[in-house]
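None of the figures in this text is laboratory data; all of them are computed from the coordinates on show. All of these numbers come straight from a predicted model, not from anything done at the bench. Glycine gets a Cβ as well: all are built from the backbone with ideal geometry, and neighbour counts include every protein chain shown.
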Amino acid sequence: MDEKAPPGRLSERERPWVMRTYAGHSSATASNALFRRNLAKGQTGLSVAFDLPTQTGYDPDHELAAGEVGRVGVPVAHLGDMRALFDGIPLAEMNTSMTINAPAMWLLALYGAVGAEQGAELARCAGTTQNDIIKEYLSRGTYIFPPAASLRLTADVIAYTLREMPRWNPVNICSYHLQEAGATPVQEVGFALATAVAVLDAVRDAGQVPTERMGDVVARISFFVNSGVRFVEEIAKMRAFGALWDEITRERYGVTDPKQRRFRYGVQVNSLGLTEAQPENNIQRIVLEMLGVTLSRDSRARAVQLPAWNEALGLPRPWDQQWSLRMQQVLAYESDLLDYPDLFAGSHVMTALVDGIVTGARAELDKVLEMGGVVAAVETGYLKSALVGSLAERRRRLEVGTDVVVGVNRFTETEPSPLTAAGAEAIEQVDPAVEAAAVASVREWRSGRDDAAVDAALDRLRADAATTANLMPATLACVRAAVTTGEWAGALRQVFGEYRAPTGLAGATTGVNGGSGLAAVRERVATTARELGSGRLRLLVGKPGLDGHSNGAEQIAVRARDAGFEVVYQGIRLTAGQIVAAAVEEDVDLVGLSVLSGSHLDAVPAVLDGLRAAGRGDLPVVVGGIIPPGDAETLRAAGVARVFTPKDFTLTDIIDDLVTVVRSANGL
């Protein structure tokens, strides 16, 4: 910009943030082609979405992977897949974000190996591994190991990258899913900072990093946040985040360099706030949410990725992703946003908002630390219960109309949308042959290896895991020996064990005031139980497969409990056999399945078949999830009694419908 710029403007226009699109599906080859197209359209960084088997440490041919391969991201089962994913993309010149947590060490090792094969210096490679396992226990559900073992893996990655990959962000503290799970701005900031403290304490206490280098560790920690439609509040939240991070890193860890204490974050704006009803309204929601993390120069995101308008309908197409990229480009290049200093400096309104969030978040952080830290707060169920309760209160406000969502609980009259007139063509379709190809590929990969080298590498990994050694060298040896994702995670499962996180239902307070609607449903529940000659109606809420998005299932469980149901909920990641066994053993009256990953046409029939084989084909089954109309018809034809989608937002009405299903199934 000209040095004679008008007063108030910056002397030189700011550089735009890194622009990414969260992408990956079907196969490494198909995702590589998508990456290349997005880069050609002006995207300035890559953000890799991995499928659920990869995220949870399973190979494509594992029982739990059935129906999930390549659906919500790209399957990466071995080094060959990683080579194909980045074929022709120079990693030394790329800024790559990988949304991976429990197996973050493994995926980083694969990425580094491909970079080395390309001739890239690891020290030049830039990017991020999310590597925040804590929020997985609270919201996203793709954890594998217990919290303490998982934090050890995180600390090992941080120590390794500090030595070998100094431009890499080894951990991306992720508050994004906390907001989706119900967190208020105060909770989001407080709980995320409690996670950051746990990570930094783990690095400090592991003894792998000299005390004088803790400033370098702090400088490489980044955050990944959610930005909702209340964008003024979101601006205040981000400014509060920065103020508290500066305070914590200065006072708790003695970091004296202000540049190292700078709060660095990327953002994906709120996907679960997008609506199935009138989906065209999602465009303005996405733009407003983007403003929350770009308007304030002093707390502007360093990287932004936007969802697509149709994510509440299914998997976005390349054109939908392009539309979201163009939104960023219009704001960055056509508007004058980047010409000015911070627009909110000196604002009394903003200062008061920030101070309020800082005070509340500091209190939440102190409470978690008094409990013994974030691991203890996870294991006792405190954090999960707090989020379930907050989300229940948010749902209550939506149902009574205190919070308005246009097209959902107000202004529902609408013209048919031309955006969805194409039906199933309005979303990306994953070819069912993708899974069979991935299964064949991983089996072929295994058949071509030196089995002795594989065994030796896995033996070393298990041996090192039983000590306090950094596990990155053993993991790199596994990469070189052609070990698979499932084998790497399986070896660590043998040492660390697996973990079942608290569901949060027992300690959740719902905020439901027991109005006339819920009272009427309670009476129907009690009447139906009397007519059936049972003490209480029993509902089994099941999460089949690897989908860990449990927020909706938990809210149904809480409201059903409030209505008088006895609820059986065993958490996430269950096989069809486990769900059927629970239904039979608990003698339930109804089975409710929640599937948001798109695997409903595989997961639900497996449960139906299992119930018939167990002699309980009479037991009614209902399903909830992101399910296109055509798929809903298929499920009903297969025997599903009801299909609920995001447009069915009134929980009490859903519970009332569940009572109707039970009565109908029993001839009442």
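In whole Hz and in residue order, list the ³J(HN,Hα) couplings for region 304-316 that follow from phi through the Karplus curve 6.51 cos²θ - 1.76 cosθ + 1.60, θ = phi - 60°; x for Gly and Pro.
Per residue, the Karplus-derived 3J(HN,Hα) values read 10, 10, 10, x, 9, 4, 10, 5, 7, 9, x, 6, x Hz.
What aspartates and glutamates sit close enough to residue 135 to cross-link, taking a C-alpha to C-alpha distance under 13 Å and skipping anything fewer than 8 places away on the same chain?
Excluding near neighbours in sequence, the set is 180, 188, 379.
At residue 500 and residue 339, where each label point lies 7 Å from the Cα along Cα→Cβ, what is the point-to-point distance in nanometres?
6.1 nm
May I ask you to derive the relative contact order of the chain, considering only C-alpha pairs under 8 Å and at least 6 residues apart, and to give it as an integer percent?
Numbers: 1232 pairs, mean separation 105.8, N = 668.
That works out to 16 percent.
Which residues' amide hydrogens lie under 5 Å from the amide hydrogen of residue 405, considering only partners 5 or more residues apart or on another chain, with H built in the peptide plane?
Close amide H contacts, sequence-distant or interchain: 410.
Based on alpha-carbon centroids, what's the gap between region 50-115 and region 570-642 in Å, whole number please?
Region 50-115 and region 570-642 have Cα centres spaced 29 Å from each other.
Apply 1/(1 + (r/R0)^6) to the Cβ-Cβ distance of residue 633 and residue 259, taking R0 = 56 Å, and write down the FRET efficiency to the nearest 0.05. Walk me through the numbers on the way to the answer.
On the way: r = 58 Å, r/R0 = 1.03.
My answer for the efficiency is 0.45.
Could you pull the Rg and Dmax for region 526-613, using just the Cα atoms, both in Å?
Both quantities, over Cα of region 526-613: 13.1, 38 Å.
Relative contact order, percent, of region 227-328 when contacts are C-alpha pairs under 8 Å separated by at least 6 residues? Mind showing how you got there, number by number?
Numbers: 131 pairs, mean separation 33.6, N = 102.
This gives 33 percent for region 227-328.
Given R₀ = 41 Å, FRET efficiency for residue 531-residue 349 by Cβ-Cβ distance, to 0.05?
Details: r = 58 Å, r/R0 = 1.40.
Step by step, r from the Cβ atoms, then E = 0.10.
For residue 33 and residue 366, FRET efficiency with R0 = 60 Å and r from the beta-carbon atoms, rounded to 0.05?
Numbers: r = 49 Å, r/R0 = 0.82.
So the FRET efficiency works out to roughly 0.75.
What full-extension length gain, to one decimal in nm, is calculated for residue 280 and residue 467 as 0.36 nm per residue of separation minus the Cα-Cα distance?
Values: separation 187, 0.36 × 187 = 67.32 nm, distance 5.43 nm.
Going from the current span to full extension adds 61.9 nm.
Under a crude label model (7 Å from the Cα following the beta-carbon direction), how far is residue 64 from residue 653 in nanometres?
For the pair residue 64/residue 653, the computed spacing is 3.6 nm.
Do any of 367/647; 259/367; 259/384; 384/647 go past 32 Å between their Cα atoms, and which? Could the numbers behind the result be given before it?
Values: 367/647 37 Å; 259/367 29 Å; 259/384 34 Å; 384/647 25 Å.
The answer is 367/647; 259/384.
Where does the chain land at 222 nm, in deg cm²/dmol rounded to the nearest 500, when only DSSP H runs of n ≥ 4 count, each adding -39500 (n - 2.57), divided by all residues?
-14500 deg cm²/dmol
Compare the peptides 184-197, 621-634 by average per-residue count of other Cβ atoms within 10 angstrom and give them in order, highest first.
Working: 184-197: 25.2, 621-634: 19.9.
Result, highest mean Cβ count within 10 Å first: 184-197, 621-634.
Mind ordering 337-347, 212-222, 478-488 by average Cβ neighbours within 10 Å, highest first? Walk me through the intermediate numbers first.
Working: 337-347: 14.5, 212-222: 18.2, 478-488: 22.5.
Per-residue mean Cβ counts within 10 Å order the peptides as 478-488, 212-222, 337-347.
Under 5 Å between amide H atoms, partner at least 5 residues away or on a different chain: which partners does residue 128 have, H built in plane at 1.01 Å?
Amide H neighbours of residue 128, under 5 Å, 5+ apart: 96, 97, 98, 169.
With each label point set 7 Å from Cα along the Cα-Cβ vector, what nm distance links residue 400 and residue 83?
6.1 nm
Whole-Hz Karplus ³J(HN,Hα) for region 621-634, in order, using 6.51 cos²θ - 1.76 cosθ + 1.60 and θ = phi - 60°, x for Gly and Pro?
10, 10, 9, x, x, 8, 10, x, x, x, 5, 4, 4, 4
How many angstrom lie between the Cα centre of region 445-463 and the Cα centre of region 166-223?
After rounding, the separation between the Cα centres reads 33 Å.
Residue 431 to residue 232: extension gain in nm, 0.36 nm per residue of separation minus the Cα-Cα distance?
Numbers: separation 199, 0.36 × 199 = 71.64 nm, distance 4.17 nm.
67.5 nm is the gain from fully extending residue 431 to residue 232.
With all pairs of different alpha carbon atoms counted, what Kirkwood hydrodynamic radius in Å does the chain show?
On the way: mean 1/r = 0.0387 Å⁻¹.
Across the chain, the inverse of the average 1/r is 25.8 Å.
Tell me which aspartates and glutamates have Cα within less than 16 Å of residue 41's Cα, excluding those fewer than 8 residues away on the same chain?
Counting by Cα, and skipping residues close in sequence, residue 41 has these aspartates and glutamates nearby: 320.
Using packing as a proxy for protection, rank 641-654, 94-107 so that the peptide with the highest average count of other Cβ atoms within 10 Å comes first. Kindly include the intermediate steps, with their values, before the conclusion.
Numbers: 641-654: 18.7, 94-107: 23.7.
The peptides rank, most packed first, as 94-107, 641-654.
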